[in-house]
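K.L.:
Sending over a structure as structure tokens; questions will come in a sec.
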Amino acid sequence: MTELLPQVALLTVAALAASTLAAVAGFGGAAILLPVLVALFGPRDAIPILTIAQLVGNGSRVVINRDAVDRRIVGWFALGGVPAAFIGGLLFAAAPLDALTRLIGAFLLASVAWRHIRPRPAGALGPRTFTVIGAFFAFASALVGSIGPLMAPFFLAAGLVKNAYIGTEAAATVVMHVAKLVAYGTAALLTAATVGIGLVMAPAMIVGSLVGKRIVDRLPERVFVAIIEVVLVVAGLVFLIGG
């Protein structure tokens, strides 16, 4: 039992850092958690474990920001996202991921540049648009584990900021993760061990969400958007170069 303590401690620290970052920027937690999970458990188990941890983290952010969630956007997102996440989850084991990861990186960098070259007016994206957005990104998420940075520009383009952005993006992600877990279970990728490991990180994920909420409440709106764009650029470069 004592030999497991270092792993539990590492998972707890990584989960706390990941959840706090995600609670501030709305995404980015997977960039911290996924390398740790791959190192400890291998890539095959890392994605399902990450999905469980993210489900807890996003669920806690939905509860914390429940009054600011745009339910129309979440509903339209789920309409396209649920079936796409399930199909993507079934294809996860055989998917060629290197080229997709580099494409993700290029998209992140382009999305930040586009916001500055030709910024969209607040509210430019209507709720119904998120059916297509949900289908595309839920499918990609089932393959690569997390695509929060990709979805961020679209939620921002809908006019969501601060608590509305954090809560709505988290609620859409929860729906997506549930569908992914059903698919992983159907494909025999979800075991009692992976569920247990994911739940070990649950308390740290919830605490990180609470810490992040306090930080967001004190941030000016302009600083909040700037933080998101910095994380987008860093994630884009990592994906593009690392592949």
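The values are calculated or read from the model by the stated rules, or taken from the named source; none is laboratory data. In this text the structure is predicted, and so the values were computed from the model without any measurement. So basically every Cβ, Gly included, is an ideal-geometry build from the backbone, and we count neighbours across all protein chains shown. For accessibility, only protein heavy atoms count, side chains too; no ligands or nucleic acids. Shrake-Rupley method; radii C 1.70, N 1.55, O 1.52, S 1.80 Å.
K.L.:
Within the set of pairs 6+ apart or on separate chains, which have a first residue in the range 219-231 that is open to solvent by less than 50 Å² (accessible area, probe 1.4 Å), a second that is part of a helix (DSSP H, G or I) and modelled with pLDDT under 75, and C-beta atoms under 6 Å apart?
P.N.:
Ile228/Ala25; Glu229/Val112; Val231/Ala25
K.L.:
So is Phe27 at pLDDT below 80, surrounded by 17 or more Cβ atoms within 10 Å (Cβ to Cβ) and not in a helix (DSSP H, G or I) or not?
P.N.:
Answer is yes for this residue.
K.L.:
Taking the residues in the range 129-153 that are surrounded by fewer than 23 Cβ atoms within 10 Å (Cβ to Cβ) and either touching a Ser or Thr at 6+ places or on another chain (Cβ under 9 Å) or charged (D, E, K, R) (or both) as candidates, determine which candidate is modelled with the highest pLDDT.
P.N.:
Only one residue tops the list, namely Pro153.
K.L.:
Also: Show the residue pairs meeting these rules: Cβ distance below 6 Å; 6+ apart or different chains; first residue within the range 165-189 and of a type in the set (Phe, Trp, Tyr); second residue open to solvent by 30 Å² or more (accessible area, probe 1.4 Å).
P.N.:
These pairs meet every condition: Tyr184/Leu190.
K.L.:
It is to be established whether one or more residues within the range 47-70 are of a type outside the set (D, E, K, R), buried (at least 20 other Cβ atoms within 10 Å of the Cβ) and at positive phi.
P.N.:
Taking every residue of the range 47-70 in turn, none turns out to be of a type outside the set (D, E, K, R), buried (at least 20 other Cβ atoms within 10 Å of the Cβ) and at positive phi.
K.L.:
Taking into account only those residues within the range 190-218 that are part of a loop (DSSP other than H, G, I, E, B) and either open to solvent by less than 20 Å² (accessible area, probe 1.4 Å) or out of contact with any Phe, Trp or Tyr (no Cβ under 9 Å at 6 or more places or on another chain) (or both), which is modelled with the lowest pLDDT?
P.N.:
Once the filter is applied, the top-ranked residue is Arg218.
K.L.:
Also, quick follow-up: Checking the condition at negative phi, aliphatic (A, V, I, L, M) and open to solvent by less than 80 Å² (accessible area, probe 1.4 Å), which residue from Leu79, Leu37, Leu91 passes?
P.N.:
Leu37
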